[in-house]
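Asks: A single structure is presented below for examination.
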Amino acid sequence: MNRTKVESSETEDQIIETSAGLRDYLQACARQALRSVIDEEVAALCGPRHHPDDDTKFRRAGSAPSYVMVNGKHEPMERPRVRLRSEGSSGKGAEVQLKSWKLAQGQDEWEAAMMRAVLCSVSTRDVPSLRESEVARESRSSISRLWQRKSAELVKQQQESDLSGIDLVILMLDAVVLSGGMVATTALGIDAEGRKHLLGFRIGSSENQQVCEDLLGTLSRRGLKAPAGRHLLAVLDGSLALKNAVLAHYPHVRIQRCLVHKERNLRGYLSRQHWAELAGLFQRLRRSEGSDAAKEAVDDIERFLANKNTQARSSLEEAGSELLTLLRLDVSNDLNITLLSTNCIENVFRNLRRHIGRVSRWRENTTQGDRWMASGLILAAKGFHRIKGYGKLNELIEALEIKIDTEEELKEVA
């Protein structure tokens, strides 16, 4: 057994040595190729080395220590210097900037690597200490400045992109707390093909109606439209501010209350010994198919709460028919797991919190919150998949179509 382990260890060491050697060889080839291109440009300007071209206006002027970017890393290399030939005794001619050297020092790869490091939960202060990092030679301040510039571009990408091409079917709104005085209200949309879209966000002091209305107004100006000829389905957590704002912008919206939030709210009124039975009743409600089965499930929950806690029963009655909005449309229950809760946007916030968790001090009077929100949301969106049951969305879209029976209803829709 020990001999096998030793042989395995030796094999791994050989692989490591081989891969390291290959990497060094490839880097050496890249350096040699860069040097060849640079030398060719110098020769084209000044003539062959040791045989200068007297007819050209350029001359070689030695070299200076510098670096080039190889595989995203700083590599030391002597920079050849070229000057204009001076006329008479006027002194040195002006130095000429080599195009090939400028390209060899391009920062695009370095900037992309730094952004990958920060977006993958590495603090800007810790980036220079990364082992064999392509940004290891950069100072903390330069990395921080680059982060501010690049993240500002992400804010523009997140908050100003065109939304007119989204065939919106479902809208989810929720808020995430950044600090005691900063709350980001966020909108997520689901289109007719089941794809999720992070539409935008607004940062305010709380989850209030004004902030939500401003957010929805901005989305409208960016081209997001209510679906033509059908109701919009909005999935909300029960916040009155969000509900009022959505109704103000989309009068024909159908609101579905999040069952997860409602169950969590009811648990707060009940003794822990009743939680398991309550969970079973809500699970039955979530699996219901059709309005009749859903109504029976809600009635059972109401009877269960009747002799447990008066406030709990009042909380259930407060939600009213909004608990059954989706279920009353009589569509396949394949969509229930996604559309009976705000879990789609809650999962985004879970990933977002990992991203913003490194921020130890939030500054409300700067764009810091916008930059971290935008970068975190864009990072979270990279893992998006189509919703479960997206193949049944045609049933939902048909059920949401606005049925117009009278001229008055036609005027209302218009």
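Asks: Can you work out the base-10 log of I(q)/I(0) for the stretch 244-369 at q = 0.13 1/Å, using the Debye formula on its C-alpha atoms alone?
Replies: -0.66
Asks: Is the shape of the stretch 166-413 rounded, prolate or oblate, going by the alpha carbon gyration tensor and its root eigenvalues a ≥ b ≥ c, with a/c under 1.5 for rounded and a/b larger than b/c for prolate?
Replies: In terms of gyration-tensor shape, oblate.
Asks: Now for a different question. Separation between the Thr367 and Ser36 pseudo-spin-labels, each 7 Å from Cα along Cα→Cβ, expressed in nm?
Replies: 4.4 nm
Asks: Could I ask something else about it? Greater than 27 Å separation of Cα atoms is the criterion. Which listed pairs, Lys308/Lys388; Lys308/Lys392; Lys225/Lys295; Lys196/Lys225, meet it?
Replies: Lys308/Lys388; Lys308/Lys392; Lys225/Lys295
Read the figures in this text as sums done on the coordinates, not as results from a lab. The model shown is predicted, which means the values in this text are computed figures rather than measured ones. Virtual Cβ from ideal backbone geometry, glycine too; neighbours counted across all protein chains shown.
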